[in-house]
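Before any comments, here is the structure.
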Amino acid sequence: MNALHERLVAQLGEAAMQLEDLRPADVPLLLVPREQFNEAARTMKYQEARLVAEWASDETLLAGGYGIYACFSKGSDFLVVKCVAPEDDPAFPTITRKYAAAYRFERQMHSLMGVTPLGSPDLRPWIKFEDWPEDAWPLRKTFDSRTRMPRVPGDYRWIRAEGEGVYEIPVGPVHAGIIEPGHFRFQAMGEEILNLEERLGYVHKGIEKRFEALSWEDGARLAGRVSGDTTVAHSCCYCQAVESMAECTPPERALWLRAIMLERERIANHLGDIGAICNDVAFAFLFFQCNILKEQIVRTNFQLFQQRFLKDKIVPGGVTVDLSDEGIDCMLRELEEFSKKFEQLIVIYDNNASLEDRVRETGIFSMEKAKDLGTVGIVARASGLDLDIRLQRPAAPYDIIVPRVSVQQAGDVNARVWVRIDEIRESVRLLREMLYNLPTGEICAEFIPPLSQASGLAFVEGWRGEIMYWVQAGKAGEVNRCMVRDPSSLNWLGLEQSIHGNIVPDFPVCNKSFNQSYSGNDL
Amino acid sequence: MLRILHQIFRTGVVTEPLPAEVEQEIAEIGARLEDRIRKKFHRSLTIREVDAGSCNGCELEIHAMNNAFYNCERFGIHFTASPRFADMLLVTGPVSVNMEIALKRTYAATPNPKIVVAVGDCACDGGIFGESYASLGRISNVIPVDAHIPGCPPSPVSLLQGIFRAIAQ
């Protein structure tokens, strides 16, 4: 019994009932009475556990009602708490007052599933826009996914700032660069930003609902398109969740190949980010240099795996592409060459005073806030939090080849760059170790779809941070629900908090240093 | 500063000629193209990229088109921040319901003559997302489209080729 589990049972006594249908079995699932859902959250808060995700599932065709779930974690301990909201009274007590990050999860549950978090301070629609009918709840089983959404009049209530000299800057959804759409509303005075409010949901494509219409195997393709730049990590996490539920174990070699792809995805994206951050402070030189290295990495991907971004290479049961001995040699040579070139660029980054002037003490995100908001991934590590799912829940081969996690304390743009630099170096080391020790054997096991009503959970450390999938099988063994939580769902909150007191022209570089996914957030 | 100069010198020019068949195609349509670009767009083609609901995969390759290897600026192609300056809209994604209005407004804000190119499988036929309560499917369901570049995502070379073909049409 892990510490969180123990604590919750001690607090709630017999009211907390352990359910057996969640895999992997080392993550306990506790059913609590609906009235005690926030009590459970309070207990977790006292334990200093972080909120990993909160979500709802329409279980009217299963045990009945709407399942309300919250996942908590502290160190290596994970725990899922569930309560049930009946169909005739779809409501549950909010946990927003304990966990600030819950406010967006709960708005989303309220908007898309029609379950009401009682006592929540903010029930404005989220992901769903104000011009959708209020009673359109797409994640409910009674909602036909082909429904053409009618537009109704409605207004979004923005947070306002008033006073002499205060003005507002609306930005987006169509931004200046080649990036995804979202809306940012700034209140500023002179050059100083007083507040930033994000409004996301523009690229909501109904992904979670779409999963329910696909087979378990096809789901891997959709997961690979939740956020295109994280295609490996998302399809890997989806497959792990489905495999743990179906009790299917991929061959060792497949797991190692997945990790190789994950680390390559990390290197490519971090390179792009470091370049783009430099570009946003007008240091175009490193932008072009980093992108040369990135292009070389994706070209090797194409050469060895026939796909520049390694899309659709991970399937339930294993992977679809093997690496030959020549391929291993080729990658080792590439890494050798890459490291040399990369280090030359880092010296330049490190020695440039005018660059340093722009990135240091810009967009500071304090450790305290990062902890409060349940921030994960590179953003958390740049603010002093030692969070990496490759350490906290190591899947093969990370149990043998252990990553050294880079943690920075400053929480500014510069810290977020250095975490990326260190991680690229570390990924190169991990890749070498993996290539030298790659086990032989099959690359795919037979996948037998899961039993009915089982549920599975998985975490993968993508390049942005921890990704989580929770999948649930229906009565006939079909997909009843697939919950996706990209790190962006938590980390977008951090951007709002890191921007206070910065000047408006520094927003692009702050935003780029977070570089969260819109598509992964909006689903 | 010396390090930067040294690195620039060491890197040299990495821009590559496009694959032979693409180069040939460009040569063939070259004369026509030059004439059209001069007449229509005053020698350079300015593109506004619009993500209308993509997974951001296509954006990666559109970015790559700007890197030193593909260097699209050598053809006079560059990206602009505002649709008001654009000759061409490169539109990605299935059109999400929540982006419909913004896409129509961006289209309206782009001066004539304009070319709209749908980029990626989702933009061409809705892709894996199809049509649903949240997705309106292909771009041509929402605004008129002049050319399509399929692929998930299309490679930088297919992007360049598709853009040339769209202008030559």
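Just so it is clear, none of the values below were taken in a lab; they were calculated from the coordinates. This is a predicted model, so every value here is computed, not measured. Cβ: placed from backbone, ideal geometry, glycine included. Neighbour counts: every protein chain shown.
Each listed q (0.08, 0.12, 0.19 Å⁻¹) maps to a log10 I(q)/I(0) for region B:18-168 from the Debye sum over equal C-alpha point scatterers, namely -0.20, -0.46, -1.14.
Taking every C-alpha pair closer than 8 Å and separated by at least 6 residues, the mean separation divided by the residue count of chain A gives a relative contact order of 17 percent. Sites counted here are trypsin sites (Lys or Arg not before Pro) in a DSSP loop (not H, G, I, E or B) having no more than 10 other Cβ atoms within 10 Å; the longest part of chain A that contains none of them is A:158-474. Which translational diffusion coefficient, to the nearest whole µm²/s, is obtained for region A:137-243 from the Stokes-Einstein equation, given a Kirkwood hydrodynamic radius over C-alpha pairs, 20 °C and 1.002 mPa s? Answer from the Stokes-Einstein relation: 123 µm²/s. Each part reduced to its alpha carbon centroid, region A:316-386 and region A:265-304 end up 11 Å apart. With R₀ fixed at 35 Å, the C-beta to C-beta distance from A:Leu194 to B:Arg10 puts the FRET efficiency at about 0.15. Backbone phi angles across region A:395-412, fed through the Karplus curve with coefficients 6.51, -1.76 and 1.60 (θ = phi - 60°), yield HN-Hα couplings of 9, 4, x, 5, 6, 9, 9, 8, x, 8, 8, 8, 10, 10, 9, 5, x, 9 Hz in residue order; Gly and Pro are listed as x. In this structure, A:Glu130 and A:Asp329 have a Cβ-Cβ separation that, at R0 = 51 Å, corresponds to a calculated FRET efficiency of about 0.35. Measuring between their Cα centroids, region A:421-464 and region B:117-169 lie 32 Å from each other. A crude spin-label estimate for the pair A:Ala284 and A:Glu356, with each label 7 Å from Cα along the Cβ direction, gives 2.6 nm. Hydrodynamic analysis of chain A uses the Kirkwood radius over alpha carbon pairs. Inserted into Stokes-Einstein at 20 °C and 1.002 mPa s, it gives a translational diffusion coefficient of 90 µm²/s.
With runs of 4+ DSSP H residues as the only contributors, calculate the mean residue ellipticity of the protein assembly as shown at 222 nm using -39,500 (n - 2.57) per run, divided by the residue total and rounded to the nearest 500. After summing the helix terms and dividing by the residues of the protein assembly as shown, the value is -12500 deg cm²/dmol. A crude spin-label estimate for the pair A:Ser339 and A:Ile400, with each label 7 Å from Cα along the Cβ direction, gives 2.0 nm. Considering only beta bridges that DSSP places wholly inside chain B, some 10 percent are antiparallel. Positive end of the dipole of the protein assembly as shown (Cβ unit charges, origin at the Cα centre): among A:Ile421, A:Gly384, B:Phe75, the Cα lying farthest that way belongs to B:Phe75.
Please tell me the relative contact order of region B:18-168 in percent, rounded to the nearest whole number, where contacts are Cα pairs under 8 Å and at least six residues apart. All intermediate terms of the calculation are to be shown ahead of the outcome.
Working: 284 pairs, mean separation 38.6, N = 151.
Reported relative contact order: 26 percent.
The gain in end-to-end length when the A:Glu20 to A:Asp322 segment is fully stretched comes to 105.1 nm, 0.36 nm per residue minus the alpha carbon separation. Computed over the Cα atoms of region A:24-160, the ratio of the radius of gyration to the Kirkwood radius (Rg/Rh) comes to 0.99. Extending 7 Å from the Cα toward the beta-carbon at both B:Gln169 and A:Leu451 defines two label points whose distance is 5.5 nm.
Stretching the chain fully between A:Trp158 and A:Leu118 yields a gain of 12.2 nm (0.36 nm per residue, less the alpha carbon separation).
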